[in-house]
Amino acid sequence: MDLADSFTFPLTYPLFRNQLGFSEQQVASLATLGGIAGALGSLLGGVLGDRLGCRRTLAGACLGVAASTSDFPRVGAVGHFPVLLAYTAVEGMMVGVVYATPWLSS
């Protein structure tokens, strides 16, 4: 999953700037929000992993990532900044949960 993020991240800047017409400040806001949401998602992953078990937490978070990722073309094509902020927050939280949860099982 980290590999996929590493490959797709460089594509987001030209998409947001050139095709959707967002300012540099808006793109920076999306990146910052994604990082903060990922950190909070990691904390949430630890709590949920303790309460629900790692397998349930990881399965739910992976389904959440898959659902939000499959919706990205529809959300991104709209180009509305507030919608992308919400998408970035949800995706960041889900990815943070996925990143944190496997470490609990070892």
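We did not get these values from a lab; they are worked out from the coordinates using the rules stated. These numbers were taken from a predicted model, which means no experiment stands behind them.
With all pairs of separate Cα atoms included, the range 33-87 yields a Kirkwood hydrodynamic radius of 12.5 Å. Dividing the Cα radius of gyration of the range 1-53 by its Kirkwood radius returns 1.14 for Rg/Rh. For the chain, the spherically averaged projection of the C-alpha convex hull amounts to 6.3 nm².
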